[in-house]
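Worksheet: one structure, shown below.
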Amino acid sequence: MAIQLDIAITHLTSRKRQTLVSLVGVVLGVAFFLAVSSLMRGSEKDFIERLVDNSPHITVSDEFRTAGRQPAALAWPDGAVRISNVKPQTETRGIRGWRQKLEYVEALPGVRAAPVLMGSAVLTFAGREEGVSLSGVVPAMMKEVSTIEDRFVEGSLDTLAANPNGIVIGQGLADKFDLDMGSTVSVVSATGVTRAMKVVGIFRTGNAAYDESQTFAALKRVQVLLDRPNRVNRLIVQLDDPHRARDVATEVERTIGYKSVSWIEATEDIQSVLQVRNVIMYSVVSAILVVASFGIYNTISTIVMEKTRDIAILKSMGFRAADVQRVFLYEGLIVGAIGSFAGLLAGMAIMKGLEQVALKPPGVNDVIHLPVWWGADQFVLATAFAVLSSLAAAWLPARKAGRVHPVDILRGAS
Amino acid sequence: MTGEERAGAPTRTTPLAADAPVVLRAENVVRRLEGEVPVTLVDGVTLDIRRGEFVAIMGPSGSGKSSLLYLLGLLDVPSEGRVWLDGEDTSRYGEDELANRRLEKLGFVFQFHFLLAEFTVLDNVRLPMRRLGRRAPDEAEARARELLGHFGVAEQAHKRPSQLSGGQRQRVAIARALANDPLVVLADEPTGNLDSVSSANVRRILHDLTHEFGKTVVAVTHDGAFAAAADRRIGIVDGRIDESWRP
Ligand SMILES: Nc1ncnc2c1ncn2[C@@H]1O[C@H](COP(=O)(O)OP(=O)(O)O)[C@@H](O)[C@H]1O
Ligand SMILES: [Mg+2]
């Protein structure tokens with residue numbers, strides 16, 4: 001063993017109590033770091049997962065990012081002609097040629113898609129009215145791109161195929177209107193068409209707003225209700241790898257022209273909030289390690305002060321400044337490394353404990369377990385930060401020790 | 001050096017050759033402390049010490065003996081003049097090179113033993129060998145044991161310094177000073193803190209180092225008997241060599 005390491009260990013073991021206190025500081029710091037980080041990152045992952053699961057990976061809608069240019073403007077592209085008060089050409093809403101576009105999207109590798117016609121309608125039952133969002137879907141295709149099928153309490157999406165008069169509603173709406181399977185409701189569209197429809201399915205996603213306002217019916221029936229024969233206004237796209245969503249959306253939009261929004265784009269604001277949250281969280285937990293390193297600084301400073309005479313002897317014997325410095329850097333490193341290791345174990349124990357905690361947050365109907373993230377990078381980060389701050393804490397006293405001038409001490413001692 | 005001057009010395013087995021090489025030389029060495037009131041600790045000392053010599057540095061308290069010893073031992077750097085060790089001008093060396101010279105060629109014994117309290121006697125003696133790294137661990141241990149045995153403290157090898165008597169500690173310190181087989185051993189009042197029996201013991205050991213092992217010993221001392229055993233006595237008064245000084 002290197003002589004400097006040997007001396008370092010001797011110093012630490014000869015001051016057991018103080019060494020232990022600074023060790024505990026590092027252990028607690030690392031454990032707390034991990035507990036907080038695993039929870040924050042876990043809840044973030046959980047949140048994103050829900051987001052990805054419950055919303056389409058890509059939504060192609062019947063809109064363009066920039067308004068189409070009017071024929072008059074196209075006729076004089078860069079002439080000195082100023083056009084004003086033109087009555088814009090009215091567009092027929094909907095995705096034109098959606099069958100070909102759907103075919104193109106589905107042909108992309110790892111991509112599934114389904115057509116949807118979305119609109120709004122008013123549901124009346126027993127004299128009560130409620131505005132709802134009504135989506136016309138092709139059940140077999142919808143099942144491929146959405147998790148809604150898994151959320152059915154009663155009935156299923158498939159019943160819509162067999163029953164053109166069927167409607168699927170959420171649990172919230174069912175409770176509110178006291179609807180059951182088989183109840184008949186009256187559906188009125190904005191164009192004035194009214195249809196009596198039968199409840200053939202009830203779902204519960206856990207998202208209260210969604211469960212109260214979203215309804216599904218067969219695409220054909222909704223097209224009739226909304227007076228938009230043969231039209232759809234959304235293509236819902238699902239990917240095998242949700243993280244490719246941004247690229248695929250860009251590709252789709254470039255090819256078919258319609259606005260294609262990936263979940264990543266749609267949740268940019270949330271993602272940046274999450275990022276800010278991570279920065280704040282890591283600053284706080286790192287600050288705790290910095291505080292812990294003050295303990296190390298204190299311990300090593302004390303040792304340097306107590307051992308000035310020993311340092312002078314070592315230097316007179318022929319130890320260089322760097323050798324002496326290394327002794328005290330090793331001390332910081334030892335405390336940092338052992339503290340981190342014990343802290344990792346303690347942190348993992350706490351994480352295991354947190355995983356057992358069950359709770360029922362408002363707005364969610366099911367009991368959930370605390371989402372604990374076990375990702376490796378937080379362990380690496382905690383260890384690296386703990387060891388580096390321990391070294392940094394040792395650095396000042398170590399430098400001071402390296403600069404001890406033996407003659408000053410020898411004179412004073414004799 | 002005349003025969004009379006050496007008269008008080010015990011019989012020497014190997015007489016000091018007149019042409020023995022100079023191992024340590026001070027050349028007009030001055031050490032000044034700058035400050036509001038500058039202090040001159042050593043004021044122009046020129047001195048040659050030959051291989052195998054046993055030199056006693058004497059003088060009144062506060063006359064600059066220790067300061068001179070630190071300069072000769074490369075622990076301190078002169079404000080003016082040069083110190084030559086083993087034919088090398090040390091004035092061109094930086095701090096690390098001076099440390100290396102101390103490690104390889106010099107050994108120190110101080111008034112207080114200055115052993116590391118947490119290490120055993122054996123480990124204290126091994127310390128300089130481990131730092132130098134020229135001996136294999138078992139070889140270094142064998143040498144440390146041999147040195148301890150030679151100075152009659154072999155039994156104490158696994159004890160802590162605090163469990164030893166003052167005389168034993170000083171003998172361990174001498175063993176440690178010899179660990180890397182130095183050219184010169186420098187001692188600052190090595191018997192200053194010992195009873196008369198231990199003093200005589202340490203005095204004999206240092207004397208034997210020169211006369212049996214051909215080491216060079218430079219010792220600052222107040223002890224008349226010690227000085228009498230030396231080959232040469234150098235008086236220091238007010239930081240200068242004073243030929244006429246007598247205790
Ligand atoms: N750092 C210092 N500042 C001021 N005076 C000092 C300092 N160090 C030593 N001295 C003085 O220098 C003189 C020489 O000291 P020293 O070499 O220890 O003498 P000796 O060993 O002969 O007793 C003494 O008078 C001492 O008080
Ligand atoms: Mg002195």
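The values are calculated or read from the model by the stated rules, or taken from the named source; none is laboratory data. In this text, all values refer to a predicted model and were calculated from it rather than measured experimentally. Neighbour counts run over all protein chains shown; Cβ positions are idealised from the backbone, glycine included. Heavy atoms of the whole protein, side chains included, go into the accessibility calculation; ligands, DNA and RNA do not. Shrake-Rupley method; radii C 1.70, N 1.55, O 1.52, S 1.80 Å.
Tabulated values for the structure
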| quantity | calculated |
| --- | --- |
| Shielding by other protein chains, B:102-110, mean Cβ within 10 Å | 4 |
| Accessible-area composition of the stretch B:115-188, carbon plus sulfur, in percent [1.4 Å probe] | 42 |
| Assigned charges on the beta-carbon of Lys, Arg, Asp, Glu; the protein assembly as shown dipole about Cα centre (debye) | 280 |
| Helix A:321-356 vs. chain A, principal-axis angle (Cα, 0 to 90°, nearest 10) | 40 |
| Normalised contact order of chain B, rounded percent, pairs of Cα under 8 Å and 6 or more residues apart | 30 |
| Accessible surface, 1.4 Å probe, highest first, among residues B:Lys215, A:Lys176, A:Lys360 | A:Lys360, A:Lys176, B:Lys215 |
| Proximal charge balance of B:Phe151 [Cβ under 14 Å; K/R count +1, D/E count -1] | +4 |
| For residues of A:4-14, the mean tally of beta carbons on other chains within 10 Å | 2 |
| Trypsin sites (Lys or Arg not before Pro) restricted to DSSP loop in the stretch B:66-149 with at most 13 other C-beta within 10 Å | B:Arg134 |
| Dipole of the protein assembly as shown, positive direction: furthest Cα of A:Val187, B:Gly133, B:Phe226, with charges on the beta-carbon | A:Val187 |
| Packing rank of A:274-286, B:66-78, A:156-168, where each peptide gets the mean count of other beta carbons within 10 Å, highest leading | B:66-78, A:156-168, A:274-286 |
| Surface accessible to a 1.4 Å probe, A:Leu329 within the full protein complex, Å² | 40 |
| Global size of the protein assembly as shown as Cα Rg and Dmax, reported in angstrom | 44.8, 138 |
| Buried area at the A-B interface (accessible, heavy atoms, 1.4 Å probe, summed, Å²) | 2500 |
| Radius, Kirkwood style, for the stretch A:181-263 when every pair of distinct Cα atoms is counted (Å) | 15.8 |
| Relative contact order (%) - criterion: Cα under 8 Å, at least six apart; region: the stretch B:101-245 | 27 |
| Over 22 Å between alpha carbons, listed pairs A:Lys307/B:Lys65; A:Lys143/A:Lys220; A:Lys45/A:Lys352; A:Lys16/A:Lys315; A:Lys45/A:Lys360; A:Lys307/B:Lys159 | A:Lys307/B:Lys65; A:Lys16/A:Lys315 |
| Evaluated at q = 0.12, 0.13 Å⁻¹: base-10 log I(q)/I(0), Debye formula over Cα of the stretch B:103-200 | -0.33, -0.39 |
| Mean ellipticity per residue at 222 nm, deg cm²/dmol - from DSSP H runs of n ≥ 4 across chain A, formula -39500 (n - 2.57) | -18500 deg cm²/dmol |
| Alpha carbon centroid spacing (whole Å) that separates the stretch A:202-274 from the stretch B:199-247 | 99 |
| Pairs of alpha carbons in the stretch A:260-414 whose separation is greater than 17 Å (percent) | 73 |
| Partner chain coverage, peptide A:305-318 - average Cβ within 10 angstrom | 6 |
| Protein-only accessible surface order, largest first, of A:His369, A:His243, A:His57 at 1.4 Å | A:His243, A:His369, A:His57 |
| DSSP bridge pairs, the protein assembly as shown: antiparallel proportion in percent, nearest 5 | 70 |
| Neighbourhood charge, 11 Å Cβ-Cβ cut-off, centred on A:Ala249 and excluding it, Lys, Arg +1 and Asp, Glu -1 | 0 |
| Taking chain A and dividing mean pair separation by its residue count, relative contact order in percent (alpha carbons under 8 Å, at least six apart) | 27 |
